[in-house]
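Written below as structure tokens is the structure these notes are about.
The values are calculated or read from the model by the stated rules, or taken from the named source; none is laboratory data. Nothing here was measured: the structure is a model prediction, and the numbers come from that model. Cβ sites come from the backbone with ideal geometry, for glycine too, and all protein chains shown count toward neighbours. Each accessible area value is taken on the protein alone, full model and side chains, heavy atoms only, with ligands, DNA and RNA left out. Shrake-Rupley method; radii C 1.70, N 1.55, O 1.52, S 1.80 Å.
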Amino acid sequence: MQGLMQDWPLLISRIIEHGARCHGSSEIVTYTVEGEVHRYTFAECHMRSKKLAQALERFGIRHGDRVATLAWNTYRHVEAWYGISGMGAVTHTVNPKLFSEQIAYIINHAEDRLLFLDLSFVSMVEGLAERLENIEAFVIMTDPDHMPATSLTNVICYETLLEAEDGAYSWPVLDENAAAGLCYTSGTTGNPKGVLYSHRSNFLHTWSAAAADTLGATARDTIMPIVPMFHANAWGIPYLAFALGARLVLNGPNFDGQMIHQMIQDQAVTITAAVPTLWLGLLDHLRKSGLKVDSLKNVIIGGAAAPANMIEAFETEYDVQVCHAWGMTETSPIGTIGTLNGVTAQWSRDEQLKLKVKQGRPPLGVELKVIDDDGKELPKDGKTFGHLMVRGPWVARRYFRDEGGDMLDPQGWFDTGDVATLDPNGYMQITDRAKDVIKSGGEWISSIELENAAVEHPSVAEAAVIGLPHPKWDERPLLILVAADGATIDKPEILEFLAGKVAKWWLPDAIVMVDEIPHTATGKIRKTELREQFRDFELPTA
Ligand code: AMP
């Protein structure tokens, strides 16, 4: 027997329609690429998204066609997102921080027909244009006054494109399983692979993100996703804002500590989200200038492990709650979030701070398990670590164009490539990427745990740990450090400091100093580069 409820496809256009209908006066504030601060309402954003959809139809874009964006978080990018997906095409958000060969590869692989780009990327795209096989026109996301001189051909000004339309448009009723968005993973090896989101998966992810225990946002909040819209959909926040009616602040091309502080203060931001490296910049600025972040109540940290001292600084020095989250491009991205539950809420403040280093609990819709090399499920004891497997309605099942073959095991689990523990309270902790874990004498050493322990030392700004070959133990850890401003690193003292925090056999065999640790386009430590850099480094073997 079938249920007798209405069939209402879960479409992205319904998110923006709801936002405009029920929260039409909610505001979007953008720190634009052109420099000024732009403000308008959800209702205006909806109208302009519909104009964009009309313009795409007039251009001949059909259902399922891919349209690329190379853009910062701005109101025009939000309009393009909703306009492209809403009219039935696929919004392909391209990460401009990738190498230009990778950008050309993924635009060609996706067979994007149009490329929407910010002024910041015009000269980069000029250098690539010859290699772009399917792009029929370049839409520069600015107004006629700011249109640059360019060697690109078939160039359209975004505002001129919208000007020609009247917005009298009804969103098509699509199949909820139709593709809506495309985002390539910035894999460190092999070609990038495309994750193809559906309307349904993004809609369900939005509902989950809107739960009190997920991102903790309400219609009374002002949310600033500093995480870019090209990094796993800005963790779903531009959808979430319209779903809730929360005010949205968009940082444009501004990422430094001083600007982030100014935007938080000027716009009374209550919730913000980004990768740990970005928060290093904000905390450094706050400390040097003695400033506070008055309005901020919640900072979401994900994309890489948040160290304990960062969590503690936000919570105790600045009275801002940290939500440590884990996810992947393949998981839309929310997989776990570190909010307290009925048990952990009773713990002491110190115990809770320690707990927050874990990446948290999965929301309804995400199933997790940890298995050993033979596929056997491991105990949820908070100690035993193994391969982290995930499944759920917003987890990918195949990459675009079947790149990389089958993604899932026969029971439908996706191997995340992360190594993790699960504890009896339901909290997951990432200990490593499987390829970064250090295999020493048949046992595993967690590089992340060592890094987190090292950055707690006041003279350390950033730490990375890699495994180097060792004649007796297979691999041993090398600790790579960046000193805090004005500090000198005393290596024996660091070892002594670590000895109190990790098992003795985990202690690094050597410590080296560098000026800078390399990061990927999504803010992760680039360990392949470090392994290459220290390939000939000889660990002491005595
Ligand atoms: P991406 O698809 O670029 O977002 O990268 C996903 C990967 O980032 C995951 O598989 C993890 O290895 C890593 N990651 C994401 N969030 C965290 C976190 N909170 N702690 C540690 N690693 C994380």
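Does Ala510 qualify as being among the small types (Gly, Ala, Ser) and open to solvent by 20 Å² or more (accessible area, probe 1.4 Å)? Let's see the steps before the verdict.
Numbers: among the small types (Gly, Ala, Ser): yes; open to solvent by 20 Å² or more (accessible area, probe 1.4 Å): no.
No; evaluated as a whole, the condition is false for this residue.
Right, Arg39: under 21 Å from the mean Cα position of the chain (by Cα) and of a type in the set (Lys, Arg) or not?
Values: under 21 Å from the mean Cα position of the chain (by Cα): no; of a type in the set (Lys, Arg): yes.
For Arg39, the condition - under 21 Å from the mean Cα position of the chain (by Cα) and of a type in the set (Lys, Arg) - is not met.
Among the residues of the stretch 495-528, what is the count of those that are within 16 Å of the ligand (Cβ to nearest atom) and among the charged types (D, E, K, R)?
To start, the set of residues in the stretch 495-528 that are within 16 Å of the ligand (Cβ to nearest atom) comprises 517-528.
Okay, now just the ones that are also among the charged types (D, E, K, R), so 524, 526-527.
Counting residues in the stretch 495-528 that are within 16 Å of the ligand (Cβ to nearest atom) and among the charged types (D, E, K, R) gives 3.
Being of a type in the set (Gly, Ala, Ser) and under 19 Å from Gln533 (Cβ atoms) is the requirement here; does Ala464 meet it?
Values: of a type in the set (Gly, Ala, Ser): yes; under 19 Å from Gln533 (Cβ atoms): yes.
Yes, satisfied.
Just give me the residues in the stretch 238-256 being open to solvent by less than 10 Å² (accessible area, probe 1.4 Å) and not aromatic (Phe, Trp, Tyr), in sequence order.
The initial filter retains those residues of the stretch 238-256 that are open to solvent by less than 10 Å² (accessible area, probe 1.4 Å), namely 238, 240-242, 245-246, 248-252.
If the condition is that a residue be open to solvent by less than 10 Å² (accessible area, probe 1.4 Å) and not aromatic (Phe, Trp, Tyr), then Pro238, Leu240, Ala241, Gly245, Ala246, Leu248, Val249, Leu250, Asn251, Gly252 are the ones that fit.
Is it the case that Glu456 is touching a strand residue (DSSP E or B) at 6+ places or on another chain (Cβ under 8 Å), open to solvent by 10 Å² or more (accessible area, probe 1.4 Å) and closer than 30 Å to Leu340 by Cα?
Numbers: touching a strand residue (DSSP E or B) at 6+ places or on another chain (Cβ under 8 Å): no; open to solvent by 10 Å² or more (accessible area, probe 1.4 Å): yes; closer than 30 Å to Leu340 by Cα: yes.
Taking the combined requirement at face value, the residue does not satisfy it.
Restricting the stretch 312-347 to residues that are under 18 Å from the mean Cα position of the chain (by Cα) and among the aliphatic types (A, V, I, L, M), which is farthest from Met229 (Cα to Cα)? Break it down stepwise before answering.
Pass one, the stretch 312-347, residues under 18 Å from the mean Cα position of the chain (by Cα): 322-338.
If we keep only those that are among the aliphatic types (A, V, I, L, M) as well, we get 322, 325, 328, 334, 337.
Working: Val322: 21, Ala325: 17, Met328: 14, Ile334: 14, Ile337: 19 Å.
Result: Val322.
Of the residues that sit in the stretch 258-312 and are polar (S, T, N, Q) and free of Cβ contacts under 8 Å to residues at least 60 places away in the same chain, which one is nearest to the ligand (Cβ to nearest atom)? Let's see the steps before the verdict.
Taking the stretch 258-312 and keeping what is polar (S, T, N, Q), we get 258, 262, 265, 267, 270, 272, 277, 289, 295, 298, 309.
Okay, now just the ones that are also free of Cβ contacts under 8 Å to residues at least 60 places away in the same chain, so 258, 262, 265, 270, 272, 289.
Details: Gln258: 25, Gln262: 27, Gln265: 27, Thr270: 21, Thr272: 16, Ser289: 28 Å.
Restricting to residues being polar (S, T, N, Q) and free of Cβ contacts under 8 Å to residues at least 60 places away in the same chain, the top hit is Thr272.
Is it the case that the stretch 477-491 has a residue that's open to solvent by less than 20 Å² (accessible area, probe 1.4 Å) and of a type in the set (Lys, Arg)?
Checked the stretch 477-491: no residue is open to solvent by less than 20 Å² (accessible area, probe 1.4 Å) and of a type in the set (Lys, Arg).
From the list Ser120, Ser49, which residue is hydroxyl-bearing (Ser, Thr, Tyr) and under 25 Å from Val173 (Cα atoms)? Don't jump to the end; show me each part of the working.
On the way: Ser120 fails: under 25 Å from Val173 (Cα atoms).
Checking each option against the conditions leaves just Ser49.
Scan the stretch 313-353 for residues that are away from the ligand (no atom under 16 Å from the Cβ) and of a type in the set (Ser, Thr, Tyr) and report the count.
4
Kindly establish whether Asp350 is closer than 17 Å to Leu422 by Cβ and either surrounded by fewer than 17 Cβ atoms within 10 Å (Cβ to Cβ) or more than 26 Å from the chain's Cα centre (by Cα) (or both). Walk me through it before giving the result.
Details: closer than 17 Å to Leu422 by Cβ: no; either surrounded by fewer than 17 Cβ atoms within 10 Å (Cβ to Cβ) or more than 26 Å from the chain's Cα centre (by Cα) (or both): yes.
No.
Any chance the stretch 232-253 includes a residue that's modelled with pLDDT under 95 and either within 30 Å of Ser459 (Cα to Cα) or away from the ligand (no atom under 16 Å from the Cβ) (or both)?
No: zero hits.
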